Each structure stands twice: as structure tokens, then as C-alpha cells.
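Single-structure report; data block below.
The values are calculated or read from the model by the stated rules, or taken from the named source; none is laboratory data. No experiment lies behind these values; they were computed from the predicted model shown. Note that we place each Cβ from the backbone using ideal geometry, even for glycine, and neighbour counts take in every protein chain shown.
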Amino acid sequence: MGNRERAMSRVVQGIVSLIPYKLRLAFYHIPLISSATRSLLRKTMPSRAVVKITAGLMKGYDMEVDLKCEKFYWLGTYEPAVQETMKKIIEDGWVCYDIGAHIGYFSLLMARLTRGKVFAFEPEPQNFRLLKKHAEINRLSEIVIPVPLAVSSKTGFAFLKKGRSSFTGRIRNSAEVDCENNRVRVKATALDHFVYVGGNPEPNFVKIDVEGFEGKVLEGAKRVLQETRPVVLCEIHNREQGWGTYRILSEQGYLVFDVEKELRRLTAPKLSGHILACHRTINLLDHEK
């Protein structure tokens, strides 16, 4: 990045830092303003830089991001409903599992909300490098523990199919990738194995974002769900996984809530978006809502 680009970057960052967080969220949801803002940032910001998050629950953390396509991290506007749900639910001292941690945005948020431990699972090598770097530069290595494993129904190996961006890589069954070249063989673990064989602490909170592999994660965590009963926050990516996830959680005695609808109780599967699931014996939420 040249001197002119650095100077322009500093000017834009300074201007954006003056915009109140709630106003940024409003801009983000107004198509014309949001489009104009994205266009301005694409023209003025460098492709990669270490920046300080300027607002929201993550304000003050440093992250290396691609400012042309990951500016929502820097602006603090990434999935605000998920951020607020974590703030409402996670308690100090909890052990959190971040499954599909990407580069660690939510891992860092979990670390801010608990002085317990955050196990951040990320099998993609480049994402894992940044995840580890972000724990280190924010002096959170004692709390955030990067784990270079995929999470699945079984312990062993899995195939990671790379997507069009760092967000869209996903684990595939071996039968699905016989004819695919754009894949990486990665180590995998079932959560039951990670906890009860690996001797790692039982989670109080589990966040799952694995691009359509949610059901496999839960299949490999049935003992954890039965015995430990963690709160589960899961992103649903398609109809099939929506039904599968809802079925497994219901069978384990969980009640399911809609994150994007102010944690309204769900009585049928949500087919896209985020859900929060709490065991019916846990009174974190008003179950009658």
C-alpha cells in the first residue's frame, strides 16, 4: 500500500469512526446508502490491513481483514442480532466452543464476555493462521485456544471444499468429493470425542457456523447435549439442515428460539438464519415467549 493509499485509508477510517454505531446499522440496512458506502470503501481502502474495530461489542479489538469485502468486521456491524444474543446469554467464567470460527470475530467476542476458555475450531489453513494471529495481537492467547480441526459426526478425517470466499468453505462427505479437485483433507473430531476422550472441558456455550454441516456436528455431540446441556447458537443454511438440526435438538430436550426475531420461541424448524437452543431445564430465557 502506497503513501497516498495509507493517507486516504486514515481519512476514511477517521470519518467512519465519527458515525454512531446505531446509525451505521441503519445505513447498513438502507440499500442505496449501503451500496454507496460499499462503493466508497472499495475505492479508498486497501485490500488487507490490520485495523481496530471502531464500534459495537467488539470495539477496540485489532483484526487483519480484507477491507474490500470484510468491512463489516471493521465497522462492527457484522451479524448484530448474533452479537446481542451472545451478550445476553454468555456468562462470566463459561467455556465456549466456536465451531467454524473463521478468522475469530466471534471467538474474540466470546473472550470479551467470559474469562473462561474459548475453543475456536477452524480447519482451513489461512483462516486458522489469522484466527491464531488475532488471539495473539489482542493478548487473548490464555483465553482463546485455536483448534485446527473440523467438527463432524466422527473423529478421523474429512474433506474441506473451498468456496468462492474464505467464508464459504464447507466440510463434505468423502462420497461427495470423489470427482472434485478443489478440496483439502483435514483432521476432524466429534465433540463427544474431543470432550470425553480428549479430556477437554465441557462447553457451556456452543456456536456452530459450518455452511450446511450443522446436523453432522450435532450428531457427534449427542452425549455433550445429554450430559452437559450447553446453550447452542447455530446458523442454518438450508432447508435440509434446518429440519435435521431442529429434530436432533428437540430429541435431546432442547427448546429452540429465533435469533433474528428477538428470541421468539420456535415450534417448527427455521430454514435459514440463526437459532438459539436451550435445554428445557435451563431458565436462561422465558420459555413461554
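Of note:
- Tally of residues being surrounded by 17 or more Cβ atoms within 10 Å (Cβ to Cβ) and either in contact with a helix residue (DSSP H, G or I) (Cβ under 9 Å, 6 or more places away or on another chain) or of a type in the set (K, R) (or both) across the range 129-144: 9
- Considered as a group, the residues in the range 195-227 that are among the acidic types (D, E) and in a helix (DSSP H, G or I) include one that is nearest to F121 (Cα to Cα), and that residue is E214.
- Scanning the range 228-247 for residues that are touching a strand residue (DSSP E or B) at 6+ places or on another chain (Cβ under 6 Å) and part of a loop (DSSP other than H, G, I, E, B) turns up R229, P230.
- Whichever residue in the range 182-234 is at pLDDT 95 or above and among the basic types (K, R) and, among such residues, is nearest to A81 (Cα to Cα): K207
- In the range 262-289, the residues that are touching a strand residue (DSSP E or B) at 6+ places or on another chain (Cβ under 9 Å) and either at positive phi or not in a loop (DSSP other than H, G, I, E, B) (or both): L263, R264, R265, L266, G273, H274, I275, L276, A277, C278, H279
- Here is the figure for the range 211-247: residues that are in contact with a helix residue (DSSP H, G or I) (Cβ under 6 Å, 6 or more places away or on another chain) and under 20 Å from I89 (Cβ atoms) total 8.
- Meets criteria (part of a loop (DSSP other than H, G, I, E, B) and at pLDDT below 95) for F157: no
- Candidate set: the range 248-261, residues that are touching a helix residue (DSSP H, G or I) at 6+ places or on another chain (Cβ under 6 Å) and in a helix (DSSP H, G or I); chosen: the one nearest to K88 (Cα to Cα): V259
- Of all residue pairs spaced 6 or more apart or on separate chains, those with beta-carbon atoms under 7 Å, a first member in the range 131-149 that is over 14 Å from G116 (Cβ atoms) and assigned to a helix (DSSP H, G or I) and a second member that is modelled with pLDDT of 95 or more and of a type in the set (G, A, S) are L131/A101; L131/G104; L131/S107; L131/A120; H134/G104; A135/G104; A135/S141.
- Answer residue from the range 68-93, given it is crowded, with 20+ Cβ neighbours inside 10 Å and modelled with pLDDT of 95 or more and is nearest to P230 (Cα to Cα) among those: I90
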